[in-house]
Amino acid sequence: MADHTALTSPLLPSDHLILTVDSDSSSASSTATATVSPISNPFATLGFSGGELTVPPGITVDPFQNNKAGIDGVYEWVKTIVCIPLALVRLVIFGLCLAIGYVATKLALYRWRDKENPMPRWRSGIMWVTRIAARFILFSFGYHWIKRKGKPAPREVAPIIVSNHVSYIEPIFYFYELFATIVASESHDSIPFVGTIIRAMQVIYVNRFSPSSRKQAVREIKRRASCDRFPRVLLFPEGTTTNGRNLISFQLGAFIPGYPIQPIIVRYPHVHFDQSWGNVSLGQLMFRMFTQFHNFFEVEYLPVISPLDDKETAVHFRKRTSHAIATALNTVQTGHSYGDIMLHMRAQEAKQENPSGFMVEMAKVESLFHISSLEAVDFLDKFLAMNPDPSGHVQYRGFLSVLRLRACPLAEKIFAFIDVEKCGKITFKQFLYGSAHVMKQPGFCQACEIAFAECGGAVKGYIVEEEFRDSIQSALLSWNEDEVHRLFLLFDEDKDEKVYKEDFLSCLRRNPLLIALFTPQPELKESCGNGVLEIV
């Protein structure tokens, strides 16, 4: 064996591998200098039956990207400068109309306490002042005329309407046109002036991250849709704005009640200025609208879609509706959701060169693995701590440092499990899919419970570092006490030298790949003195 830094492949059966490492163990930086291909799945004992991990390739479509919000070209610069005086006039009109609408709304809401029931007609009559003011606000933004195709169905025919969502313009238009009850995030209530007007629309508030809040919102949608005295219920099933060139996944809230739905689509034809909200600040978007001669806006009312029968599921009803909207828009629907925006924003905050590359089509991830958007953001924080390169890839060393591992055969196998392309580096999508796939395995929860018990937690209800070290020493050959201590601190967050069951299980849920340290692995044999590790 002439070269002690190379991978040796003797004539052994396929379930053997010999790894030769640098025999100078006195250096703290001494690691294996070759990449090891996985000889087996390190999570096989959890019930993994699919062989190697598969991760769908990343898609190049960014449904949130606004590509023409900036001032680009001589024509746009000249037009912007020429329109600045016009923009000031429009800003004054906008302010006056907003003030008039606010005063009228306050009057309509004055001493109204019974907000669980439909708004009385005389109060709704006062709200017409606010609705007219909303049309003048659209005028101030450059929407002098609005092209309509089709007509809204009567409220008794379609009590629920759904629409694609591109900008903040659609809610203003639907308020003027239909005075519909909207389903909105709780944060909208605190918007100055606008929050008051939204309350007058008897908005249904929902916290998108709270399952109980979502269930309550569905019950309220059904209650209001069943009563003809309430206005129509308007939902933007995408849950956020897109660039209008693609649809993203629909939430189920509009389809669970089982009432007929009228889909509506909006378009913003443009050449120089993309009016989608996307990744543009509100101030920038308003300024660009104010400095256009005219902004084009088209609305198309599609035929009403009714449930096929009582047995049709909300999922199938949603699929038919989204297909109708996608067909009318001549576009495709992706698996993105609001969770992808959260990932994009987090990557942007971390100064990543390509934040869009960290989006994973969160709706598909939630469907496959039942991983919430908040959990995905936690995984992204961990991935970003691994110091990804400009292309968004993490190398082996960065992976080890965050998981508190050192280079060893088991760590190589864990990394190789995620490195589906076998290129020595991983993407966030691969890291997320690998971690989520491990948690999804039927034996994961039981393995976590057993691991805590075998570490000594079954007797005392907590484990200490010595018990922790004894439990994992068979998996981590040649680790010194400092390295084991660093790993123990990952579980012992409060630094009290004790890890209780809740903390232990919580750590493994946040770092599911570490369960491999506590599950049976192929036997590791070390030939002392020659730097050879044999995996049987």
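Here are the numbers for this structure:
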{"quantity": "Qualifying strands (runs of 3 or more DSSP E) (wholly inside segment 105-196; at least 2 residues being at pLDDT below 95)", "calculated": "181-185"}
{"quantity": "The listed residue being open to solvent by less than 20 Å² (accessible area, probe 1.4 Å), at pLDDT 90 or above and on the phi > 0 side of the Ramachandran plot, out of 434, 392", "calculated": "392"}
{"quantity": "In segment 264-277, the residues that are out of contact with any strand residue (DSSP E or B) (no Cβ under 6 Å at 6 or more places or on another chain) and either closer than 30 Å to residue 153 by Cβ or part of a strand (DSSP E or B) (or both)", "calculated": "268, 269, 270, 275, 276, 277"}
{"quantity": "Breaking point among (1) open to solvent by 20 Å² or more (accessible area, probe 1.4 Å); (2) more than 24 Å from residue 365 (Cα to Cα); (3) part of a helix (DSSP H, G or I), for residue 429", "calculated": "(2)"}
{"quantity": "Helices (runs of 4 or more DSSP H) completely within segment 327-418 that count 2 or more residues being farther than 18 Å from residue 65 by Cα", "calculated": "362-369, 373-385, 396-402, 409-418"}
{"quantity": "Of all residues in segment 297-317 being crowded, with 18+ Cβ neighbours inside 10 Å and either among the aliphatic types (A, V, I, L, M) or part of a loop (DSSP other than H, G, I, E, B) (or both), the one that is modelled with the lowest pLDDT", "calculated": "307"}
{"quantity": "Hey, residue 221 closer than 30 Å to residue 127 by Cα, touching an Asp or Glu at 6+ places or on another chain (Cβ under 6 Å) and not small (Gly, Ala, Ser) or not", "calculated": "no"}
{"quantity": "Members of segment 318-332 found to be at pLDDT below 90 and surrounded by 18 or more Cβ atoms within 10 Å (Cβ to Cβ), listed by number", "calculated": "none"}
{"quantity": "Flag for residue 359 being farther than 24 Å from residue 60 by Cβ, in contact (Cβ under 8 Å) with a residue 12 or more places away in the chain and either among the acidic types (Asp, Glu) or open to solvent by less than 60 Å² (accessible area, probe 1.4 Å) (or both)", "calculated": "no"}
{"quantity": "Matching option when the condition is in contact with a helix residue (DSSP H, G or I) (Cβ under 6 Å, 6 or more places away or on another chain), of a type outside the set (Val, Ile, Thr) and farther than 20 Å from residue 43 by Cβ, among 373, 401, 367, 435", "calculated": "373"}
{"quantity": "Residue in segment 213-230 that is in a strand (DSSP E or B) and open to solvent by less than 10 Å² (accessible area, probe 1.4 Å) present", "calculated": "no"}
{"quantity": "Scan of segment 347-356 for residues that are under 22 Å from residue 510 (Cβ atoms) and either open to solvent by less than 70 Å² (accessible area, probe 1.4 Å) or modelled with pLDDT of 95 or more (or both), ordered by number", "calculated": "347, 350, 352"}
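Every residue, every condition in (1) under 24 Å from residue 229 (Cα atoms); (2) under 30 Å from the mean Cα position of the chain (by Cα), yes or no:
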| position | (1), (2) |
| --- | --- |
| 130 | yes, no |
| 148 | no, no |
| 160 | yes, yes |
| 169 | no, yes |
| 176 | yes, no |
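The values are calculated or read from the model by the stated rules, or taken from the named source; none is laboratory data. Note that the structure is predicted; figures quoted are calculated from it, not measured. We place every Cβ from the backbone using ideal geometry, glycine too, and count neighbours over all the protein chains shown. Keep in mind that these areas ignore ligands, DNA and RNA; they rest on the heavy atoms of the full protein, side chains included. Shrake-Rupley method; radii C 1.70, N 1.55, O 1.52, S 1.80 Å.
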